[in-house]
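Read the structure below first, then the notes.
The values are calculated or read from the model by the stated rules, or taken from the named source; none is laboratory data. Remember, it's a predicted structure, so these values are computed and weren't measured experimentally. Here the Cβ positions follow ideal geometry from the backbone for every residue, glycine too, while neighbour counts run over all protein chains shown. To get the accessible areas, we keep the full protein, side chains included, count just its heavy atoms, and leave off ligands, DNA and RNA. Shrake-Rupley method; radii C 1.70, N 1.55, O 1.52, S 1.80 Å.
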Amino acid sequence: MIRTCIKLARPSSLPVTLSAVALATVLSGCFLAQEAAETTVGAASEAAGQEVGEAIGARVASAAQLPTAGTAQWNQFMVSQAQVLFSYAFAANGMWPAEATYEEGEWARYEARTAEGEDAGFQTLERAFLTTTEDGNEWWRVRAQQEEDTWVYEALIDPERDEVVRLRSRDPEGNVGEVPVTERTVYQSPQRLTEESIEGATVGTDELSTPAGTFSTREVEYAGGMGGGTVTWHLSEAVPGHVVRYRTQGDQGRAWTSTLVEYGSDATTTLDSY
């Protein structure tokens, strides 16, 4: 059965993704301390007002700052990181192509770089659709590599209620914990681009070579969005989620790019989430 990161296959389904807007807005209102919030990326519009690469790098916290596991401060810190990582794994300038589909077990890993070729606060981001539960909920994962540190998050999403109902995490020291989630606190879909809009914004086709292979892609570009600047996608139905590369450029000229480096179909929980 085909599932989607942005739009479920069945017409009545709600979109299944996590965005910066939801994580930054609702989590901060529930249990995210102000000090932690100041270390994270907020909505895409905030980043676009700064130099894009600097905005990302400045808001990704270091594992050296980790509070003691099992404390409220640890929960706050892990939620702060989730804001950053889910934001840049599932949206660009608050938008995402609507046709992007994943099957259970499929995953895609992206390398994040600034226009100058520097790390954008983290080296790689991986997103994966893990499984569908008996009651129809869905487990998704985001994994980020930051130098020698690995951050892992697994979120259970209820597509009918359009919300995250559980969030589990593992920090770079190996501590695994259940992060507190209240109703309708950590989920809001990005602006889903229609197929007609994507077709209208297609500026050409391109043979794009990546570490994951060479793909025939169509190049889709928009000006503006939630954060201003421009966002450009290279799309191919040959890969999970259809996104081979996406690039966000801020108003002041700086840019960051996420390029597919690896993908597969064998993803499963690494946090004993189910």
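Residues that are hydrophobic (A, V, I, L, M, F, W, C) and at pLDDT 95 or above within segment 244-274 comprise VAL244, LEU260, VAL261, ALA267, LEU271, listed in sequence order.
Tell me, which residue of segment 142-162 that is open to solvent by less than 10 Å² (accessible area, probe 1.4 Å) and in a strand (DSSP E or B) is modelled with the lowest pLDDT? Among those residues, the one meeting the criterion is ILE157.
Search segment 43-91 for residues being at pLDDT below 60 and more than 19 Å from the chain's Cα centre (by Cα), and hand back the single one that is most open to solvent (accessible area, probe 1.4 Å). That would be GLN50. Restricting attention to segment 180-206, the residues that are modelled with pLDDT under 90 and outside any loop (DSSP other than H, G, I, E, B) total 4.
Quick one: would you say VAL231 is under 21 Å from ALA115 (Cα atoms), under 16 Å from the mean Cα position of the chain (by Cα), among the hydrophobic types (A, V, I, L, M, F, W, C) and modelled with pLDDT of 95 or more? Judged against the criteria, VAL231 is not a match. Restricting segment 124-135 to residues that are more than 14 Å from the chain's Cα centre (by Cα), open to solvent by 20 Å² or more (accessible area, probe 1.4 Å) and in contact (Cβ under 8 Å) with a residue 12 or more places away in the chain, the residue that is nearest to TYR88 (Cα to Cα) is THR131.
What is the residue count in segment 192-214 for residues that are over 22 Å from THR114 (Cα atoms) and open to solvent by less than 20 Å² (accessible area, probe 1.4 Å)? Residues that pass the stated criteria total 3.
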